[in-house]
1. Tell me the net charge near residue 321. Cut-off is 10 Å between Cβ atoms, residue 321 excluded, with +1 for each Lys or Arg and -1 for each Asp or Glu.
2. When Lys and Arg each count +1 and Asp and Glu each count -1, what net charge do the other residues less than 10 Å away from residue 154, Cβ to Cβ, add up to?
3. Are there GluC sites (Glu not before Pro) in segment 148-230 that DSSP marks as loop and that have at most 15 other Cβ atoms within 10 Å, and which are they?
Amino acid sequence: MPRIGRHARTILEATAITPTSYRVLLHQSSSRRGILDLPIRAYQTKTPHPARPFSSTNARHDPETKTKRIGDAHGTVKSEPDTLDRRRHLASRTPPPQGDLSIVFTDIVKSTAIWEQDAPAMVRAMHLHDTMIRTLTEENSGYEVKQNGDGFMIAFHTATSAVRFCLDVQEQLLDEHWPAGILKLPSGEETTDSDGHVLFRGLKLRMSAHWGEPVCNWNEVIQRMDYLGPMVNRAARFIEATEAGQIVVSEELLRQLQAELEIEKGEPSEIETTDACSGRDSAKNEAEALDLSMLRSKRDQKRITHQTFAVQLLGNHQFKGLDEPQKLYFLVPTSLEGRVDHWHQVTHVAGVKGNVRTQGS
């Protein structure tokens, strides 16, 4: 009878499986499939980095469920947990939004290079990433539309839930137990500000969010609602202007966020929610109605989110296929405001700075 090693016993104790029942299962599996010789690894749990202020996001994730993985002799994590997580999420009770809604796109920065440099570590990192995105999507009442490569397209009924989701993701990325191979890479190593606060650690995500009314199309093949049209095209385009760790949002989304905040405060909203792609010429009235002082008020922010955040103007950006420049802003959690100075120093090509060139309005 196979001997149970200390790593296997660690997992048995954590999952309430007795050594006797383990041997029975192992014997049954061996008799059906031949000799089973797959070592079970228990990855050491690390405490969250102490340099960053505590976020309520941290309390919602059990590190035990994220740090113990079953791998084969080569250390490769099997894909079955990802499949089960995805099925559980797709079977969630959140109905697909219709009409005016928020669309969020996510993208892993330099993912191709990471795959080339350390594929085994990236396999494990992708499992952590996908599980985190799907967990936070469900917690914020989002609807997973599709996964495009290593990024996600997610729909939300409100601008508030989309913003909460984006802020949660950027904070939670620092607390994931990334594989050592990821943390050794230049794109995954820990980066701190001058005061020692952690700004980046592990995979970096850029995110874009937009508000409007897309074309809703039920996909019979995947049995999911899909979203098409100019509104979705804009949301996807906006991520092109986004730096690592940034949340870029449209003015339409901020107007909707303000309207939801005014409703939460019991005040009549002066903003009329409109289809961002309808072509109605009301930009002047809408611009006058956007009150950044309200959106930047920490007291008001706490009415709709459990985080506080900074809102800064990114400027007008021209995108291929769009006739008019798009006015964009970016959000950053208060706990990560040191990233703004980092974005000021970003240089992609010699002499070409990143997208944050002046302090926002």
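1. Working: positive: 234, 237, 320; negative: 323.
Every neighbour counted, the sum reads +2.
2. On the way: positive: 134, 146; negative: 144.
Local net charge: +1.
3. Details: sites: 171, 176, 189, 190, 220; in loops: 176, 189, 190, 220.
Here the GluC sites (Glu not before Pro) that fit, given the DSSP loop and packing criteria, are 189, 190, 220.
FYI, it's all coordinate maths here, none of it is from the lab. Please read these numbers as outputs of a predicted model, since none were measured by experiment. As a convention, Cβ positions derive from the backbone with ideal geometry for all residues, glycine included, and neighbour counts pool all protein chains shown.
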